[in-house]
Every structure is written in structure tokens, then in C-alpha cells.
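**Q** Just passing along the structure, written as C-alpha cells.
The values are calculated or read from the model by the stated rules, or taken from the named source; none is laboratory data. Small disclaimer: the values here were computed from a predicted structure and weren't measured. Here the Cβ positions follow ideal geometry from the backbone for every residue, glycine too, while neighbour counts run over all protein chains shown.
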Amino acid sequence: MMTLFARIVLIAGLLSAGAAPALAEDGYDLWMRYPATTIAPDSVSVRGDTPMLRVAAAEVRRALPAQAGAIVLARTAEVADLKLPTATLGDEGYLIRAVRLNGRPVTLVTGNTDRGVLYGAFALIRQRATGAAGDLTSAPRVKLRVLNHWDNLDGVVERGYAGRSLWDWWTLPDYKDPRYVDYARANASLGINGTVLNNVNAKAESLSPRYIAKAAALADIFRPYGIRVYLSARFSAPIELGGLKTADPLDPQVAAWWRAKADEIYRAIPDFGGFLVKANSEGQPGPRDYHRTHADGANMLAAAVAPHDGIVMWRAFVYADTDPDDRAKQAYTEFKPLDGRFAKNVIVQVKNGAIDFQPREPFHPLFGAMPKTPLMMEFQITKEYLGFATHLAYLGPLFAETLASDTFAKGAGSTVAKVVDGSLEGHTLTGIAGVANIGDDRDWTGSTFNQANWYAFGRMAWDPSLSAETVAREWAAQTFAPAAVAPAVAMMMGSREAVVDYTGALGLAHVMATGHHYGPGPWVSDLKRPEWNPVYYHKADKRGIGFDRTKSGSNAVAQYAPPVAAKFADPATTPPGELLWFHHVAWDRRMPSGRTLWADLVGHYDAGVAYVVGMRTRWDTVKPVVDAERWQKTASFLAVQQREAQWWRDASLAYWMSVNGLPLPAGVAPPPHDLNWYKALSFPYAPGNPQ
Ligand code: GCV
């Protein structure tokens, strides 16, 4: 028998649970946090009946509040009598407009295709959720807007910090986790139209009949949401799966094997997108193993998928330990001469910078340098070098900064965005890829604020001219209560710069610890490949710090168009944020701030830590208006971030002082430990680093 006291405790527990359900606000809904009372189903009507139109209508019904008014979804052909301006919509754009249909006022969501209607439906939802109103017309500026999952077949996600892979390869194709649908909805809401399911460090098995069937099951789920499936292809698969003696791209048997493989895939996945390939990079096989070029390799695969309208995304992320030249130059050196030699269904995928997704890198010199070749941007959404899932670092400013960079390839205004959207050279095959930050964590991305990076990637892939702040505001308005929006945006906007500051500002790069890349390691100098060592990148000595990439050094600046090269060649005109990327600079050089380089660098470390402290204070102010679960997780992560920012700062300063022998500027706190203490720290189980 329950005592009276026990009963009171139970009732009180239930009541308080009713007021704040334990798991209701765990971030699962992402930015699609729809109201409890939704629109009357018959307020939404659809002209036509296809799977895509059905999911579009279902989403609107689910998302919009009861007072949303009458909404009609229809392809433009169904409402031709309205004579709407639909010419600019292409096959993915949409138009939202208040019109009269059959004598009654309705909000019309239309597009030339089902896909346009689908994106319009999500745009209407976004518009209403962010408090905007009015007619809206939009078409994507980039054709392929693709997530790259670095997911292994054993469920481990390389550089993944949000749990294990979302794909349960083992139970596919029989069990279709409902999360796959929600994944598709989230992507469709942003206009993401492709997903590469498996890691670029690919296993041949992902192309085996068993795994093709699994990929096909996912493709079937994603199709109504406009998402095509792609696979990373291991270049040596003809040997491993096909039993051939070679994977030489010019060998007719090899080409025939890939053609048959492509045919097999297309039988299972008729709208298969094509292959993504990492070749001859970090130990992956590729055409260079047979003394063939990257174009030879890409074109052979392109021929296999061409009859099915498939494409090949061929990565330019190549560097070799056998090449003594500056790693930052190697991709350009290898790919630039191949301009014009790729088949027309090949797009070369280039990372935003020439090294590897560092907190800040100058734009990759290949942008603007291969006019005859479509180049696709590769961003990293997962934050391998920006604090994993725990640090709050909004990547919108990083994406925007790269896209707005001027290559000067055809004079001023030849931005990276124009290279990527094809407008600079008139390419129609265009694309942006983002290395996904998604896993099976309940909140998908490991933290609430990481969701903003998925969101920003999708929105800016659709429209590379969107400002980071506009996107942040949009995301926050759909994610938090109105009173939390401004504080959240304020935290986000400086957060990436803060990471730059506390990990190594002024153009420093690749100063992290080995393997897992967690935490500082500027002292590392004993790895077998020279370009894996942080000392290779910062070149700090008694005199100064930084990598001389001018004529007196590696001359990487010469890979940029002349006006850009001239700017980067002179320390006085190099933006301070990129100074040490291009120059070896004396510690006592006077910076625009008026401080010496050393004092300036120290100031950046302290500013980075201070920014995190500021984010914590701001986050405290929104506690009353953010649900407890998401508030607490973010608060805990910010505490981790402050501790780790401080660690980055202290360990880095301890190391730089051991090199330059300089005292800290007056009033600056010394690191609490000596350098050896920081060097001795080890983190064997840090996530994201597949063994
Ligand atoms: C998938 C970096 C990462 C690797 C990644 C590689 C790439 O080197 O640390 O994990 O491999 O980039 O982009 O191919």
C-alpha cells in the first residue's frame, strides 16, 4: 500500500512532469518545432497527386497553425491561367503568392516541378515561423547541394561527434528507422538535394550487392523529399570486389567492370546521383598508382555513369609525402594542368582552403584557376578543428567569408561564390558539399547550436549570397522562443572568430594535437610525414613565426591571380588574419593594432577566452525562456568550451614562450603549468578518430 506521503510525492511528480515533460525538448525537432495545434487539414489543398506533392502537403498541414488560412500547392502548369512570372524558377525554384483561386483568397505555393512545390512548402513554413510575410520567389543558385557523410560501414563516423552513424547498415534494408524520414524532411526544408552515404575513405563493400540494396532502401525513403543518393567509390574496387588484377583506369576490363557496376546500381536506384572519389590522398588508391592522371580516373568513372545521367565528384584534396613542396601548393600543382581535360559530367570538389578545414584559411587557389572545369565547394560542417561538438562555433561567417573572397580570375568581383555557382565561367554543373555533422545523437548534431551549422550550410548552398547573420537569425527564430533569439544570434556571430583566437589567430594553422585533432599540439614535430607536424606549418623560431609562402619561401602566393598574389606577397597588405599563413614574421613586428606581433597574438588568445566567458553570461540571461534540457546541455558545453579555450591559450603560450624566450606583456596571466605538463596530456579515446 502506498503511504499518503508517497502518493503526494507521486502526484507532485506527475504534475511537474506535466508542466515540463522530461524529454519533450531534446532538440530532436531541429528547426522544425511545429505548434501543437496545426492547421485544419482541408485548409491545404493540392493539385495533383504524387509522392512529392503528398509529403509537401503533409508538411504544411503539420507545420502551420490553425489560423494560417487557405493554402494551395500546385505546379505552375496547374495554375497557368494566373499567368505568374515563373520563367526564372527553373526546375527547383518556387513562388509563393497571395492570389484568388475559384473566387477565394488563397496562398499559392507553386513551382515548375513537384520539387519546386516541395521547396516552396518549406519556404512558406519558414516564412511563417520567422514572422515574415509577403510574396516570395526563389530559385537555387547552385545545382548540387550535397551532404557528405564520412560514415563507415561499422557505424563509426570519421570526424563525427554526434554519436554513431545514422545509417544502421546492419538492419537495412529490412528495417527502415523512422529517423531516415526526419533526416530527409530536415534536408528538404533547406533545399539539400543529395547525400553521399559513406565515407570518402571508402570500403569496396559499399558497392557490393548487399550494400547497394541497403543504399537503395535509403534512396526510396529520400526520393519524395527530392534527395538523391550518391556513394563514395573506392578506386581499387575492381580488384577487391571484381577480382581483377588492376584498377588502371585505362584498362578496358576495369572500365567494363565500372560500367557493369554502375548499371547494377542504377537498376536498384534509378535516380542514383553518382560517385564521390578520394583518390591518391592519405593512402587511398587512385589513378596515380598506375601513372595515370586524376582526369583519367575521373573520366573512366564518368563514362560508367554517363548513360544514366550520373556524375562524378572528384576530390582535389591531394597531397603526398613524396612531394617535398609546400602542402598548400600540391592540389593546385596537380589539378591546374588538368583544366579542360575532365569529362563533362565530372565536377572537381575543392576544400574551402588549401590545407584542411582549419578555423581560418585563405580561399583555395584552385578557385578561379580552372575556368574550363566545374569546381564544387567542400565545406566541413562537422567541426574537426573547431572544438568538435562541444564548442559553440557558428560556421556561417566561415562559409560567407570564403564565398565572398575575390579570386580576381576575371577582374574584381570574381568571387568564389561566382566560381561555385557557375556564373563566372558559364558552367551549369555546379555544387556545394558539406561534410555532415549528423549522427544518431537525439539532437542529431551533438548540440543545439551545431544544428545551426547544418542549417546554414543548406541555406547558403541554396543561396551563397545570404548573410551569415540573416541565416543565424532565421535559424534562431525557429529554434528558440522570441526572447532568446537576439542573445543567441549575438553569441553565434562572434563564435567562430573566438575559436580562431583561442586556437591560434593571425593565420596560424594546423597547430592541433595528433590523430584525433583534439586540443593544442603546436610542439608536435616527430610524425613521420613532415606535413603532418604542426611545426611544419608555424615554423616558429627565436626570430619569428609563420610560413613564408612568398617568393623567398614556397611561393604559394603565385598560385593566385596577380592582384591577389600581390596582396598576399606583402605583409603590409596581407589581411592580419592571414598574415602568418603567408609570412614568417618577426615577433617584434608592429601590427595594425599598434602592438608587437607577440603582444597581438597573446591578445587574441585572451580575447578568444573572454568571448567564451561572454557567451556563458549571455546564455545565463536566457535561462528563463529556454527549455531546461536544451539550456542545460548548452550551459554545460559552454563550461567545457571555456575550460578548453583556456587550455588552448595556456598550452600555446607556454610553447611559444619556449621558442621565442619573450616575457608575456604586462598584466597577462602566465600559463598555470609548464610546457611539459601540457605536452604530457593524452586523450586516447577522443571521438571521431577511426583507428
Ligand atoms: C576523410 C582530414 C581528416 C580526415 C579526412 C580527410 C579528407 O585529413 O582528418 O579524417 O578523411 O581530411 O578530407 O579526406
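**Q** Any chance the range 330-345 includes a residue that's under 25 Å from the mean Cα position of the chain (by Cα), assigned by TED's automatic domain parsing to the domain that holds GLU384 and not in a helix (DSSP H, G or I)?
**A** Checked the range 330-345: at least one residue is under 25 Å from the mean Cα position of the chain (by Cα), assigned by TED's automatic domain parsing to the domain that holds GLU384 and not in a helix (DSSP H, G or I).
**Q** Still on this model: Name the one entry in THR617, THR634, THR550, THR574 that is surrounded by fewer than 18 Cβ atoms within 10 Å (Cβ to Cβ), of a type in the set (Ser, Thr, Tyr) and out of contact with any Cys (no Cβ under 9 Å at 6 or more places or on another chain). Spell out how you get there, then give the answer.
**A** Values: THR634 fails: surrounded by fewer than 18 Cβ atoms within 10 Å (Cβ to Cβ); THR550 fails: surrounded by fewer than 18 Cβ atoms within 10 Å (Cβ to Cβ); THR574 fails: surrounded by fewer than 18 Cβ atoms within 10 Å (Cβ to Cβ).
None of the others qualify; the one that does is THR617.
**Q** Restricting to the range 142-171, count the residues that are buried (at least 22 other Cβ atoms within 10 Å of the Cβ) and of a type outside the set (Ser, Thr, Tyr).
**A** Here is the first cut: in the range 142-171, the ones buried (at least 22 other Cβ atoms within 10 Å of the Cβ) are 142-151, 157, 159-162, 165-167.
Now narrow it down to the ones that are of a type outside the set (Ser, Thr, Tyr): 142-151, 157, 159-160, 162, 166-167.
Residues that pass the stated criteria total 16.
For every residue, the table says whether it meets (1) within 16 Å of the ligand (Cβ to nearest atom); (2) touching a residue at least 12 places away in the same chain (Cβ under 8 Å).
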residue	(1), (2)
ASP289	no, yes
VAL312	no, yes
THR322	no, no
GLU334	yes, yes
PHE342	no, yes
ASN345	no, yes
LEU366	yes, yes
GLU384	yes, yes
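**Q** I'd like the residue in the range 236-282 that is without any contact (Cβ under 8 Å) to a residue 60 or more places away in the chain and within 25 Å of the chain's Cα centre (by Cα) and, out of all such residues, is farthest from the ligand (Cβ to nearest atom).
**A** Keep residues of the range 236-282 that are without any contact (Cβ under 8 Å) to a residue 60 or more places away in the chain, which gives 236-272, 275, 279-281.
From the residues that got through so far, the ones that are within 25 Å of the chain's Cα centre (by Cα) too are 271-272, 275, 279-281.
Values: ASP271: 26, PHE272: 22, PHE275: 15, ALA279: 11, ASN280: 11, SER281: 6 Å.
My answer is ASP271.
**Q** Checking GLU158 against (1) within 16 Å of the ligand (Cβ to nearest atom); (2) touching a strand residue (DSSP E or B) at 6+ places or on another chain (Cβ under 6 Å), which test does it fail?
**A** Unmet condition: (2).
**Q** Considering only residues that are surrounded by 13 or more Cβ atoms within 10 Å (Cβ to Cβ) and among the small types (Gly, Ala, Ser), look in the range 643-691 and name the one that is nearest to the ligand (Cβ to nearest atom).
**A** GLY688
**Q** While we're here: Determine which member of the set VAL181, VAL200, VAL157, VAL196 is in contact (Cβ under 8 Å) with a residue 40 or more places away in the chain, touching a Gly at 6+ places or on another chain (Cβ under 7 Å), not assigned by TED's automatic domain parsing to the domain that holds ALA123 and not polar (S, T, N, Q).
**A** Numbers: VAL181 fails: touching a Gly at 6+ places or on another chain (Cβ under 7 Å); VAL200 fails: touching a Gly at 6+ places or on another chain (Cβ under 7 Å); VAL196 fails: touching a Gly at 6+ places or on another chain (Cβ under 7 Å).
So the residue among VAL181, VAL200, VAL157, VAL196 that is in contact (Cβ under 8 Å) with a residue 40 or more places away in the chain, touching a Gly at 6+ places or on another chain (Cβ under 7 Å), not assigned by TED's automatic domain parsing to the domain that holds ALA123 and not polar (S, T, N, Q) is VAL157.
**Q** Considering only the range 121-176, state which residues are farther than 26 Å from GLY446 by Cβ and in a loop (DSSP other than H, G, I, E, B).
**A** GLY131, ALA132, ALA133, GLY134, ASP135, ALA139, PRO140, ARG141, VAL142, LYS143, PRO173, ASP174
**Q** I've got another one for you. Considering only the range 428-496, give the helices (runs of 4 or more DSSP H) lying wholly within it that have at least 1 residues that are more than 16 Å from the ligand (Cβ to nearest atom) and closer than 22 Å to GLN349 by Cβ. Spell out the reasoning first.
**A** On the way: elements: 448-462, 468-479, 482-493.
Ranges flagged: 448-462.
**Q** For the range 309-334, what are the residues that are over 19 Å from ALA233 (Cβ atoms) and crowded, with 19+ Cβ neighbours inside 10 Å?
**A** First, the residues of the range 309-334 that are over 19 Å from ALA233 (Cβ atoms): 319-334.
Residues satisfying the conditions are TYR319, ASP326, ARG327, ALA328, LYS329, GLN330, ALA331, TYR332, GLU334.
So that you can scan it fast, the table gives a plain yes or no per residue for (1) over 21 Å from THR550 (Cα atoms); (2) not β-branched (Val, Ile, Thr):
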| residue | (1), (2) |
| --- | --- |
| PRO359 | yes, yes |
| HIS364 | no, yes |
| LYS372 | yes, yes |
| MET377 | yes, yes |
| LYS383 | yes, yes |
| TYR394 | yes, yes |
| THR402 | yes, no |
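**Q** Further question: Are any of the residues in the range 292-301 among the basic types (Lys, Arg), assigned to a loop (DSSP other than H, G, I, E, B) and either more than 16 Å from the ligand (Cβ to nearest atom) or within 23 Å of VAL146 (Cα to Cα) (or both)?
**A** Taking the range 292-301 first, the residues among the basic types (Lys, Arg) are 292.
Cutting the leftovers down to assigned to a loop (DSSP other than H, G, I, E, B) gives us 292.
Then keep just the ones that are either more than 16 Å from the ligand (Cβ to nearest atom) or within 23 Å of VAL146 (Cα to Cα) (or both); that gives 292.
Scanning the range 292-301, I find at least one residue that is among the basic types (Lys, Arg), assigned to a loop (DSSP other than H, G, I, E, B) and either more than 16 Å from the ligand (Cβ to nearest atom) or within 23 Å of VAL146 (Cα to Cα) (or both), so the answer is yes.
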